[in-house]
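> Right, I'll just put the structure down here and ask away after.
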Amino acid sequence: KTLPRDPLIVPLAVPSIAGPGILATIALYGGGIASKPTVLMATIIAWLLTFLILILSPILNRALGDNGVVAIEKLFGYIVILISTQMMLQGLVAAFS
């Protein structure tokens, strides 16, 4: 029996390509490792990993099945919500302190 599909609306194209690169950039600048070659290499690695996942998605879809795909969608939707909430709270703290 498959689980009912709850729509978890997260735009796929732009965040899946830009997201890993910008998160790597933010992490490196925040950690003080802000040399341009390091940031460029981290961005390229994040893009390559994203490209691999997108290319292998039909295989992953077959391996995980419908229930696995729903579970992964919900997990990553939750992670995106947690990251956005953390960034919003950090911005508010910085704005009001």
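The values are calculated or read from the model by the stated rules, or taken from the named source; none is laboratory data. Since this is a predicted model, take the numbers as computed values, not measurements. Here the Cβ is made from the backbone with ideal geometry for all residues, glycine too, and neighbour counts use every protein chain on show. Ligands, DNA and RNA are stripped out before the accessible areas are found, and what is left, the full protein with its side chains, is counted by its heavy atoms. Shrake-Rupley method; radii C 1.70, N 1.55, O 1.52, S 1.80 Å.
> Residue 8: over 21 Å from residue 91 (Cβ atoms) and modelled with pLDDT of 75 or more, yes or no?
no
> Here's something else I'd like to know. Name every residue in the stretch 41-73 that is modelled with pLDDT under 85 and either loosely packed, with under 12 Cβ neighbours inside 10 Å or among the charged types (D, E, K, R) (or both), in order of residue number.
73 - this is the single residue of the stretch 41-73 that is modelled with pLDDT under 85 and either loosely packed, with under 12 Cβ neighbours inside 10 Å or among the charged types (D, E, K, R) (or both).
> Something else: From the residues in the stretch 22-40 that are small (Gly, Ala, Ser) and surrounded by 11 or more Cβ atoms within 10 Å (Cβ to Cβ), which one is modelled with the highest pLDDT?
Residue satisfying both the conditions and the ranking: 27.
> What are the pairs, 6+ residues apart or on separate chains, where a residue within the stretch 74-88 that is closer than 19 Å to residue 64 by Cα has its Cβ under 9 Å from a residue that is open to solvent by 100 Å² or more (accessible area, probe 1.4 Å)?
77/9
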